[in-house]
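S.K.: This is the structure I want to talk about, given as structure tokens.
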Amino acid sequence: MTGKNHFSEPNVESRRANVQTILPKGKDVDNRFQSALLLTLLLLIPLVGIAGADEVEPAPTCEILVDWEYDWALDDNGTWQEIVIHRYRTTFDPIFENGTSPSGVTVFVQHIRDGLIIATEADSSYVVAGGEIDVVLPDEPVFLDEVFVEVSSAEASCSRSVDMTIWNQPISDHEITRETTWELDNQAEGGSSLYFEGRGWQKRTGKSLSSSELGNGSLILDLDTGSDQIYLTLDLHNVWMNETYDGTEISRQIFEMRGTGALEFQSDSQDSLIDIEANVYQAYILRDWENGILTERLTLEASGSISYNGGSNNSTEGGYGELSVFYLETWDEDGVRRLSDTQIDANLSLRLQTQEEVFSIELDEFRSREKWLDGVRDEQSFKIKGSGEFGFPIEDSSFEVQVNGTVPDIHYEVIGGEVVEDRIIVDGQYTGDASGSFGFVRQIDKSLIEENSTGERFEVDVIQNEVWFNISGTPIGPLGQEIEAEHNLTYEYTVPQTDWANRTIRYMYVEDNGTVTNEYPDRSPIIMEPERPQYEGDMNITAFRESGVVPDEYLTGDIFPTSGDGSDQRIEITGISIGIADGHEVELAEWRDTESEDGFTAYGTVINEGLLAGLLHEVNRIIEIDLPINDDNDNQSQLVRVVEHQTLERVLYPSVITEAENTPPTLISLSFREGILFTEGGIAHIEAVIEDVDTDVIGVVVDLSDFSLGIITLSDSGLNGDEVIQDSVWTAKINHDGLEFGNLSVSVKIDDIWTEVQTATYLEITNSAPRIISRQFTPEFAYRGEEITASLDVQDGHGVSSVKIDLLSAGGELIPLVYDSEIGRWTGQFILPDSLSPGLRTIPLQVEDTQGASALIDGGTVIQVLNEAPIITNVSFYENGEWVPVIEIPKSDPKTYTIEVSITDPDGVSSAQAKIGRLAPIGKSETWLLLQDDGEDGDILAGDGIFSMEFEVRSTLTEGEIEFFVRSSDIFQSLTPIDEQIYSVTLVEEKSSGLGGTNWIMENSTTLVIIVLLLLLSLAATAIVLTMRNADFD
């Protein structure tokens, strides 16, 4: 495929070769000769036809080429702006000659933006000249625009579709990596060089594109200005660049670099020679541009040595020392320096030489620190502190003096912009042909308030400056003059603020005789604020790279401009070839930048088909710069060349970049995540498992119209119920409010980037059982065995066929309810079974609709099943296994009785107790004693529901009726009510064992009276019966 040019079929007319057949005349030609001649002619006819076909001229063809260019135009505000002329050039083959041009030209144009046609042939213009046709559209091309141009003429017709993208930024979602190298070299031997090797990454998602480059390399900078030489070597451990685009607009650009290295600096001025050698152990540069705001950060940390005028440990002059800390950090944001932090820590030895001796003055501390944050000086300090000794002779042929001295203290310190220490003390003496002492003192004597020349008062430090030179012996002769003593004393009244100018407001000179002279400098002090560090510049790492709106596919001869931050670049497609992109065979368009500024060259290849159309496959960029050389001849220069090479390394996404590579996706399964979807309000997640080796499926839809659910669009991006992104399980959440159900064939459409797959599979939706809208049980609480009235509102779209109370699981029955059409409810009665446990209990219901969908519903409204206490019956007393109506009080030894109680409870008896008062053992008359049903201690049979307890009756008890209590509780702790616990029994004296005597008659007097009465009643009844009979006889 080459571009999107559509060529017309040539109108080739069939031509028939005229073959002249010459037959010999005469009747004497025999049949054999005629046959041979005819056969020869038949064999020659195809060859003659072929010869005639080669001589036919091919029909003219045409193709449409991109021919954009920059031009200047006035905008609505009258400002000149650079615009793109949106032009397409139609060329013909063969070309028109002798000033001829195409005829009968018609043009069809569509320029589409955001789905709307913004221009047609009515808005466009075309020019026919020079054998070509130029079509100019009124609007500039914009990212994601679509353009269709069709040109027809009497000679040929052709068309072309163009989709707009950004240079090196394909329209389709993609993710790729590339390799990048930068090299810098020059013509000078041993000059500066740069080498960087990294890997780039680019990803587009929708309109957003992010591009990064990460790598490492080295930098060597060798500069010579004539007086200064700088040699910097850096090992770039990390170089990172990222660019993010939203459409055509860059929304963020980040450049970050980290490295370490070494720095050598030599400055050979007229006054001194300075030599610095430092190890750069941290170098960090950040440039971050986002939403129009530029942020830049720089950090540099180094340490090393410093020397001037050749100073060293063995030198006789100059100075040397250690640079222990050099720290620099800046932070610039939106053109304002927000942070500036500088720190220097060093020590220095000053080397001095007399005629024969060398000595040093040590500056043990040399510190400088200044930190600014958001326009406020957060920290400032400066300190010099040291000491030293010196000694040297001064002599000639007739004169000799030995000088010795000390510098006990050098201390100058500033904190927060104010001087806190300003002290230098020198003390020495000289001996020999001349002797004496000398010294110098500078120190802060005191601080006070002082007026300046205009009378304005300021706080000042009074700094004492005193110099003396004393003489104890003065030689006359070889020196040629007499040495005199000297003494000077001056006081400087100086404001401590180091940021101010003209800081000394008064000088006081004190003469040896006590005379004082004052001097007040004019315009002192001049109050000044500390100067905030300023932002120092901008940088753009990728300004030379091509960018801008371009077509996504090309034809040889296409020409279009790209912008590179002010440089007018113009790309020309020079050829079409086939290449390999990470194992993919693709068509490539070869290009070259034809109109860049002098010193810049760019060329390469770009992918010209499929999803990655418009992506650079390989590119070379070369920048040549002539740097002037500091020489007597100002015309001398040095050529420096920067070479960038980029190649496409990996295609991470998509896995298929051309249609020829694509494998259509397949449907593995279609089901509901929950396993089932019900009608009438059912909710479930439909899941389609897709197999696609190319992982480029972009859409899955399921046609559930037969279930009245319409077309369902599924997602594999974590939306609409999808659980895992990009796991090939496409999901949609479904609410089915209709009545349609069954196992039906449904259509599934799967779209990948290249093709559409239609398939069908079976999907089952289940009929929902009837729903219970409301239910009422009356009463809401009852004991087992009592009757309950039920009233239920049951609904189903297909109609309800039956509703039943299902107590089978509780030991009850299956009770059908009856539909009452007047109230629209299902009603009936049922008995709470004894096996139903007490407490809040749901009543199971069986429901079924007219389509056979049924369900057992065990939930919803509950009934409070009350728990009755155990039932106590047959409270009896036994003596020796025989029932007794009374309890006899023994004459002497205690008698043993057994109390038996029958107890029943549907839930089971937990405990049985009796409180038998005076019948209990002494001390336990108010104690509840345990009744047992274990077959022991008087209980006859274990587990028969009869609870027993033995007790002894003492002879000390008295006759009469006594109350006792019996109670029981079940496993749910329901206890016998108090008023049902009370029982009574009669205690009588034990009967005598004899039959005669007064005692017996008295003991049994009651019984005898009853017997006599019974006899008398019998006699009376007999007399009555006889009297009645006699009367009948009569």
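Coordinate-derived values only; no laboratory data. Since this is a predicted model, take the numbers as computed values, not measurements. Every residue, glycine as well, gets a Cβ built from its backbone with ideal geometry; the counts of neighbours run over all protein chains shown.
S.K.: Give me the tail of P(r) for the stretch 377-518 as a percent: Cα-Cα pairs with distance above 23 Å.
M.R.: 51 percent
S.K.: For the stretch 771-866, calculate the relative contact order in percent as a whole number, restricting contacts to Cα pairs under 8 Å that are 6 or more residues apart.
M.R.: RCO, the stretch 771-866: 32 percent.
S.K.: Further question: How many nm separate the modelled label positions at Glu723 and Ser835, each set 7 Å beyond the Cα in the direction of the Cβ?
M.R.: Simple spin-label model gives 4.0 nm for this pair.
S.K.: Hey, another quick one. As an exercise, use a Förster radius of 56 Å and the Cβ-Cβ distance of Asp235 and Phe781 to find the FRET efficiency, rounded to the nearest 0.05. The partial results should precede the final answer.
M.R.: Working: r = 88 Å, r/R0 = 1.58.
That pair, Asp235 with Phe781, gives E of 0.05.
S.K.: Using amide H atoms built in the peptide plane, which far-off residues or other-chain residues are under 5 Å from Glu395 H to H?
M.R.: Val401
S.K.: Let me ask something else about it. To the nearest 0.05, what FRET efficiency results for Asp396 and His487 with a Förster distance of 30 Å applied to their C-beta separation? Kindly include the intermediate steps, with their values, before the conclusion.
M.R.: On the way: r = 28 Å, r/R0 = 0.92.
Efficiency for this residue pair is about 0.60.
S.K.: While we're here: For the stretch 871-1002, calculate the relative contact order in percent as a whole number, restricting contacts to Cα pairs under 8 Å that are 6 or more residues apart.
M.R.: 29 percent
S.K.: Among 721-733, 297-309, how do they line up by average Cβ neighbours within 10 Å per residue, starting with the highest?
M.R.: Put in order of decreasing packing, that is 297-309, 721-733.
S.K.: Whose amide H sits under 5 Å from the amide H of Asn347, counting only residues 5 or more places off or on another chain, with H placed in the peptide plane?
M.R.: Under 5 Å from the amide H of Asn347 lie the amide H atoms of Glu322, Ser324, each far enough along the sequence or on another chain.
S.K.: May I ask you to evaluate 6.51 cos²θ - 1.76 cosθ + 1.60, the Karplus curve with θ = phi - 60°, for each residue of the stretch 646-652 and list the ³J(HN,Hα) values in order in whole Hz, giving x for glycine and proline?
M.R.: Residue by residue, the stretch 646-652 yields 10, 9, 6, 9, 10, 10, 7 Hz.
S.K.: To continue, here is another question. Can you find, among Thr904, Leu987, Ile940, the residue farthest towards the positive end of the dipole of the stretch 871-1002? Put +1 on the C-beta of Lys and Arg, -1 on that of Asp and Glu.
M.R.: Of the options given, the answer is Leu987.
S.K.: OK, next. Please list, in chain and number order, the residues 5+ apart from Leu817 or on another chain whose amide H is under 5 Å from its amide H, with Hs placed from the backbone.
M.R.: Val803, Lys804, Ile805
S.K.: Past 23 Å, Cα to Cα: identify those pairs from Lys895/Lys915; Lys385/Lys446; Lys924/Lys991, in the order given.
M.R.: On the way: Lys895/Lys915 19 Å; Lys385/Lys446 20 Å; Lys924/Lys991 28 Å.
Beyond 23 Å between Cα atoms: Lys924/Lys991.
S.K.: Per residue of the stretch 510-524, in order, report the coupling 6.51 cos²θ - 1.76 cosθ + 1.60 (Karplus, θ = phi - 60°) as ³J(HN,Hα) in whole Hz, putting x for Gly and Pro.
M.R.: 3J(HN,Hα) across the stretch 510-524, in whole Hz: 10, 7, 4, 8, x, 6, 10, 10, 10, 9, 10, x, 6, 6, 10.
S.K.: Provide the per-residue ³J(HN,Hα) series for the stretch 889-898, in order, calculated from phi with Karplus coefficients 6.51, -1.76, 1.60 and θ = phi - 60°, each as a whole number of Hz, with x at glycine and proline positions.
M.R.: So the J values, rounded to whole Hz, are 8, x, 6, 9, 6, x, 10, 9, 10, 10.
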